[in-house]
Every structure is written in structure tokens, then in C-alpha cells.
Amino acid sequence: MQELHDAPLAPLTTFRLGGPATRLLMATTDAEVVAAVREADASGTPLLVIGGGSNLVIGDKGFDGTALRIATKGFTLSGTSLELAAGEVWTDAVARTVEAGLAGIECLAGIPGSAGATPIQNVGAYGQEVSSTITEVVAYDRHTRETVTIPNAECSFSYRHSRFKAEPDRFVVLRVRFGLEEAAGFSAPLRYPETARAMGVEQGERVPASAARETVLKLRAGKGMVLDPDDHDTWSAGSFFTNPILEAAAFQDFVARVHERLGPDVTPPAFPAEDGRTKTSAAWLIDRAGFTKGYGSGPARISTKHTLALTNRGEATTEDLLALAREVVAGVHAAFGVTLVNEPVTVGVSL
């Protein structure tokens with residue numbers, strides 16, 4: 001297992017931000033991951049687990065402890081059952097399932113990061129979420145000091161949330177298992193309006209899975225959501241804020257604020273959510289509060305392609321990024337009374 005000291009962490013994140021770790025370990029097997037976690041826990045050393053680094057905001061001072069980079073490999077496909085090691089590159093795994101003619105995760109193409117992170121965030125995009133195909137998650141339980149297999153029903157999946165996110169210091173994901181669909185090379189029914197429109201079909205229709213994947217990649221690239229080292233719009237964590245989910249009274253107050261600010265004919269985005277709540281669009285809120293594409297004059301700015309992405313233009317610090325994020329949160333709250341919540345995990349800092 002590779003070990004470095006005073007190791008830069010910025011290169012391990014898609015933001016390319018953050019100070020060094022006191023110690024960095026690179027684990028390439030499940031056994032190495034478990035051994036590193038056990039060692040840190042036994043010695044009382046703070047532990048930071050890093051996968052693809054696409055959902056991390058690390059403070060400029062870095063991390064005083066052991067950073068564990070999970071670089072495990074493993075792609076096993078048996079019929080419609082898929083098992084991925086936590087360190088597998090997610091978007092590559094999606095491509096391989098499409099090549100195999102299987103449906104279920106084709107619209108999650110292009111999402112940066114590793115497979116092990118997908119159940120933590122319940123990663124989703126373009127009408128699909130991993131919670132609909134994950135069957136089991138294999139993880140090391142730091143409380144019981146055992147490797148456990150957790151079925152889908154016990155993962156507590158919800159919008160961009162899970163048991164693993166709720167208990168961040170307990171589980172370290174080792175493997176993720178999926179149940180996909182044999183659909184003769186076709187996709188799952190398209191649920192996202194933008195995808196269906198781009199393909200010239202109705203919602204609910206199936207299309208060739210390879211075409212669905214390519215369409216999603218093009219849509220994501222147009223929003224700066226596919227990693228490109230030469231494009232600073234992709235030096236980000238993708239969507240920086242989750243879409244707000246509002247209780248009935250809070251949603252009515254929000255609509256009233258919209259009408260007061262933008263006029264009685266303006267209707268904000270609204271989508272049914274669990275327990276009678278309503279989900280609205282963070283990107284719409286940000287734009288209508290005056291933070292348009294490319295907003296900002298410093299080294300951290302809103303993407304020129306999508307208002308939901310905050311970006312490092314090349315010379316930013318984490319504090320630059322957080323200052324921009326705080327400005328956006330305050331501006332949206334002042335305009336509409338809604339408080340945006342950051343999607344990336346913050347390390348050593350907070351909004």
C-alpha cells in the first residue's frame with residue numbers, strides 16, 4: 001500500500017482545491033482498505049476516505065490525519081447482476097453495462113467519481129437513481145469492526161441521501177452490487193423530459209441504450225458536467241446545491257415570494273416529492289436571484305454553462321469557492337426565502 005506524507009490532496013479532487021494531508025495511503029484491495037481503516041481507528045487518527053474526489057471540498061489548510069484513497073478495481077458481470085469494486089471509475093462501468101446490452105444505469109453516464117460513492121449520495125441524473133438498481137452494498141462497519149452486506153431495503157435511500165451519508169463515520173463502502181435489466185439492448189423507459197425531447201420521443205418510451213448514453217453525455221457536456229482538464233467549467237463538483245424539497249406551507253410562501261419578485265404570471269418549477277412535499281429547482285432559484293452563468297469576477301465563479309456549478313477558474317482557493325457559495329446562498333434566501341444546501345462534502349470547512 002503506497003504511503004505519502006504531507007501529500008497534496010487538491011490533485012485528487014475535481015475542484016483541484018485543498019491543502020495537504022498529514023499522511024496519504026493508496027489502497028488497491030479491499031483488505032488494504034480495511035487494514036487502513038482499522039489502523040486509523042485503533043490509533044484514534046482522523047480518517048478521510050477519498051474515492052474519485054468529485055464530491056469533496058477540502059479546506060486550504062488540508063487534513064490533519066490519514067487520507068485513504070480507495071483505488072480498488074473489480075467489474076464482475078453475471079447475467080444481469082453487476083458487482084463493482086468501490087474504486088472503479090463510475091462512468092466507465094456504465095459504458096461497459098451498455099455494451100453488454102443491459103439497462104438501468106445508462107442515463108447516469110458521464111457522472112464523475114467512483115462506484116463506491118454512488119450509494120452514499122444515491123447518485124442520480126436524467127431520470128435515474130442508483131437506488132433503483134442497487135441490490136446490496138458491501139461495506140466495512142467501523143462500529144462492529146466487521147465487513148457487512150447491506151441490502152437495498154436497509155440503505156435508507158432518498159433524494160441524494162442514504163444511510164451511508166447519514167452515518168459518515170461508520171461505513172466504508174467496499175463493493176456495490178446492482179440488478180440490471182435485459183432489454184434487448186434498449187434503455188429503461190425514459191423518465192426525464194429533457195432526455196426524451198433530445199431524442200425526439202415521448203417520456204416513458206425506450207430507446208437503444210447506447211443512444212440514451214450518448215445523448216446524456218452530450219447534454220452533460222453542454223452544461224460542463226463531463227470532466228475535461230482544458231475546460232475550467234468542469235473544474236467543479238457538478239451540481240453544488242441540491243434541489244430544495246419544501247413542505248406545503250413553505251412552498252406556498254415561496255410561490256408568493258416568486259410572484260412578488262417576478263410577477264404573478266411566473267410559475268416556479270415544481271415536482272411532487274415524498275410526504276406531500278414539493279421539489280423545486282436550485283438552478284432556477286440561483287438564476288432568478290441574479291446569479292447568472294459566468295457570475296463572479298474572482299478565481300471562483302459560476303460555470304459559464306450551468307448556474308448550478310461553482311467552478312475553479314485555475315487560481316482559486318477553497319476560501320474563494322466558499323465565499324462565492326455563501327454569496328449565492330444568501331442571495332437566494334433574500335430573494336425567495338429558500339435556503340440552498342450544498343451537495344459536496346466539506347472537509348475542515350463549512351458554508
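The values are calculated or read from the model by the stated rules, or taken from the named source; none is laboratory data. The structure presented is a predicted model; accordingly, all values stated were derived computationally and were not measured. Here Cβ is always computed from backbone atoms with ideal geometry, including for glycine, and neighbour counts include all displayed protein chains. Side chains are part of the model used for accessible areas, which takes the heavy atoms of the whole protein and leaves out ligands, DNA and RNA. Shrake-Rupley method; radii C 1.70, N 1.55, O 1.52, S 1.80 Å.
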Open to solvent by 50 Å² or more (accessible area, probe 1.4 Å), over 22 Å from the mean Cα position of the chain (by Cα), touching a residue at least 60 places away in the same chain (Cβ under 8 Å) and farther than 13 Å from V328 by Cα: is that true of R257 in this structure? yes
Could you grab me the full set of residues in the range 325-348 that are without any contact (Cβ under 8 Å) to a residue 24 or more places away in the chain and within 16 Å of D253 (Cβ to Cβ)? H333
Which residues, taken from the range 198-213, are closer than 14 Å to C107 by Cα and out of contact with any Pro (no Cβ under 9 Å at 6 or more places or on another chain)? A198, M199, V207, P208, A209, S210, A211, A212, R213
Please determine, by comparing only the residues of the range 50-78 that are more than 24 Å from T346 (Cα to Cα) and free of Cβ contacts under 8 Å to residues at least 60 places away in the same chain, which one is least open to solvent (accessible area, probe 1.4 Å). F75
With respect to A270, is the statement that it is in contact (Cβ under 8 Å) with a residue 40 or more places away in the chain, surrounded by 14 or more Cβ atoms within 10 Å (Cβ to Cβ) and aliphatic (A, V, I, L, M) true? no
List every residue pair whose Cβ atoms sit under 6 Å apart, with the two residues 6 or more apart in sequence or on different chains, where the first one lies in the range 207-231 and is at pLDDT below 95 and the second, anywhere, is in a helix (DSSP H, G or I). G224/D233; G224/T234; V226/R220; L227/T234; D228/T234
Which numbered condition W90 misses (of (1) open to solvent by less than 40 Å² (accessible area, probe 1.4 Å); (2) under 26 Å from D41 (Cα atoms)): (2)
Count - residues of the range 286-310 that are surrounded by fewer than 24 Cβ atoms within 10 Å (Cβ to Cβ) and of a type in the set (A, V, I, L, M): 1
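Matching residues to (1) open to solvent by less than 40 Å² (accessible area, probe 1.4 Å); (2) under 26 Å from E182 (Cβ atoms); (3) under 17 Å from the mean Cα position of the chain (by Cα):
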| site | (1), (2), (3) |
| --- | --- |
| L102 | yes, yes, no |
| G124 | yes, yes, yes |
| D141 | yes, no, no |
| E146 | no, no, no |
The conditions are (1) within 19 Å of D30 (Cβ to Cβ); (2) in a helix (DSSP H, G or I); (3) hydrophobic (A, V, I, L, M, F, W, C), and V94 fails exactly one of them. Which is it? (1)
So which residues in the range 150-198 are within 22 Å of S281 (Cβ to Cβ), part of a helix (DSSP H, G or I) and open to solvent by 50 Å² or more (accessible area, probe 1.4 Å), if there are any at all? K165, P193, R197, A198
